[in-house]
Every structure is written in C-alpha cells, then in structure tokens.
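Asks: Sharing a structure below in structure tokens format, with a few things to ask.
The values are calculated or read from the model by the stated rules, or taken from the named source; none is laboratory data. Because the structure is predicted, anything quoted here is derived from the model rather than measured. No Cβ is skipped: glycine too gets one built from the backbone with ideal geometry, and neighbour counts run over all protein chains shown. Accessible surface areas use protein heavy atoms only, side chains included; no ligands, DNA or RNA. Shrake-Rupley method; radii C 1.70, N 1.55, O 1.52, S 1.80 Å.
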Amino acid sequence: MISHRRRNLGVFGSLVLAALSLAGAGGTAQRGYEASLLAGDTLRVRLASSPTASHGAGGLGGMVLGYYSVHGLPPVAGMIAVTDTGLVFRSVNGRLERTLPVVGPVRRSPQGPWRASAVSLAYVDASLGRPAYLFRVDGGVFETDAPGALLELAQHPDWLDSLTSREWTAERGLVRSDDDTAVWSVMAGVTDGPYADSLYAVFGRPSRPAGLVGERGRAAGRLGEYVSSRDSLAHDPARMTSTEQLRHTLAHELAHRWQARAGTQIAMLWQGVAPIRDPKRYGYGSASEHQAEAAAFAMHFLLSTTAARDPASAAVTLDHYELLVPGTRTLARYFALQPLFAKHPLRAWLVGAPAAS
C-alpha cells in the first residue's frame, strides 16, 4: 500500500523544479461529445499578453503547484506563477506552457464599470483524503491542495482592477472549416496510425470511415458523434483547438461504441462509481457521457504511461484523473487486463497480476 504522503514526494519535487525554472446526420446517434458553452471548452478565450507595471500586490509573484485540465482534457501536473500579465502555467514535462488571464476587461453597466474575475473557486473536494481546491481558470480547471495566491485572486482583491485592461481573444481552431484538405489531413492523422489502432484494439473499429459532424450536430455544439445504427464516427476538427482535443474526442466516441456492445459488462464495472461533481465538466448528470469520459481518461492514462517505471508516481497521477472523472481508475484497471496492455509496465500494479515477460 502506498501512502498519499510518500507518493506525493516525487511529483512535488518535479513541480518545484518546474517552479524554479519558471522563476528564471442519418441514423440514431448517441449524444456526441459536445462543447460546453458555459465552461468555454471549445473556444477558449485568453488575454492578448502585453507588459504592465508591477503593482506590488500580495498575490503577484506567487507560485502554486497543482494539476491543470484544459478543455476538459486529463489533468497535467505543473505550476502556475501569478504575474501582472497573467497566470503563467508550465507543465512538469515542459510540453505545455500558456498564459491565462487574471482579470477580465472593463465592461460598462447601469450600475457602473465592472470587471469579471478570471479565477474563481469552483469547489473543494476531500476525496483524496485532504482538501483539493478546484479553480476555474481560462478554458479549464486548476486543482491544488495548496491554493495560496489563487485563493486571493478568487476573492477579486481591489488591486486586480488596477491592472491594464485587455480584450478577450478567441483561440484558433486546428483548421479552417472551409479548408477541406487540411480538415481531412488532420482527421487522418488521428484516426489512422498507432494511437487509433490502440483505441480500436480495446473498443473495436467502426465499420465505416470517420466523417464530419453534420449541420444538426454542429448546431447542437457537438465536437464528435457516434452513430450506432451505421457504426460510424464523426468529428469536427475545425472547432477544436488542439490535436489532443481531437484524440480525446476519438477515444470518447469509440467508448460509446463499446457501450453499445457491452452495456451489461459496463453496468457491472460501474457499480459504486460516484458521479462527476463539477457541473461544468462534460459528462455531469449523464451516466452514458460520464462513462465515455472515464474510458477516454483511462486510455489516456495507460497510453501516456507506457514507459513508466514508478507506480508511486503513477498512483498520484491516477488519483487526480479520478478526482475529476470518477470511474477512471476502475476502467484503467479493466483495460489493463486487455491483450493490448499485457506488457504495460504498470499492469501488475494496476491489476495485481504479473506482467508478461
């Protein structure tokens, strides 16, 4: 049994190093993977960066270690530094770095000028055995057990309103919807190849090639659909902002295919799984969508740890996946039993069985 305290030490050390670095269509369709307008999951808005003067506020210069989930994707370990030009996030592995706003632009109303908070405390979760603070930040959620400066920002201190005002800007999609060549190239890059083959090995391969979400699906804000009567997938890469988001949507929709063929099995696996707590996370209030999200999270965890050698570190990561989407751990353990993962380095830890030699 690995204690939370011991398991956190390795990840905490890595986060500290990161902090120091920064300081220097037809048929019957399943409900598709949709954009949440309330959560800003598809068109993430951000502030155009420009230098501002330092205000010497208490929150500026603060560094907060935690996990960032952008566009509903699985959380990434990293650190947020609070500056007067934005919240600068950098992942531990150095692959993700972006600047998020600290306050919105000035708006006028009959009651006078006002500025929206760009950071808010969504809720506090104790399922990991200690308080985990989940903050809504630009286009996503940041989770931490030591909120520090973020807690101050969530209370919208007066000094935030003295920062230079900037307008929101929309993040560009992967491709333009009118560029057919680019659209199909991006689609092929995700639906063909080793990543897709891994998903097909677990969920099965649809009988028809993947297509594009139709007008009705787009009007409903869907990023992807699985049409069970035709056994086909559809995606809308022009309304996604990263290849990771398209890959996640593919996994989510293929999980719906699995649901259509293994309903009884999934119902047995799902016994005792808590509901998603965040009302703005996709899958909230829908068992079917929740299960598909957990399946996509579980596959992401397994495929991203194929070179892992430290179960303690992996346990920490899986805890944070589970906190956002309960059921991820259960499905990760089940998928680890499949032939695809027979030689996965964490298989023995996940299922209590010896890994294949």
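Asks: Please tell me the relative contact order of the stretch 208-357 in percent, rounded to the nearest whole number, where contacts are Cα pairs under 8 Å and at least six residues apart.
Replies: Computed over the stretch 208-357, the figure is 16 percent.
Asks: Sorted by accessible area with a 1.4 angstrom probe, largest first, how do Ser232, Ser207 fall?
Replies: Ranked list, largest accessible area first: Ser207, Ser232.
Asks: Separate question: Could you order the peptides 134-147, 328-341 from most to least packed, using the average number of other C-beta atoms within 10 Å per residue?
Replies: Ranked by mean Cβ neighbours within 10 Å, highest first: 134-147, 328-341.
Asks: Next question. Can you grab the distance from the C-alpha centre of the stretch 187-242 to the C-alpha centre of the stretch 86-142, Å, no decimals?
Replies: Result: 31 Å between the Cα centres.
Asks: Residue separation times 0.36 nm, minus the C-alpha to C-alpha distance between Lys280 and Asp197: what's the value?
Replies: 26.8 nm
Asks: Taking just the C-alpha trace of the stretch 94-192, give me its Rg and Dmax in Å.
Replies: 18.8, 55
Asks: Calculate the spin-label point distance for Trp168 paired with Thr264, positioning each point 7 Å from the Cα along the beta-carbon direction, and give it in nanometres.
Replies: 4.8
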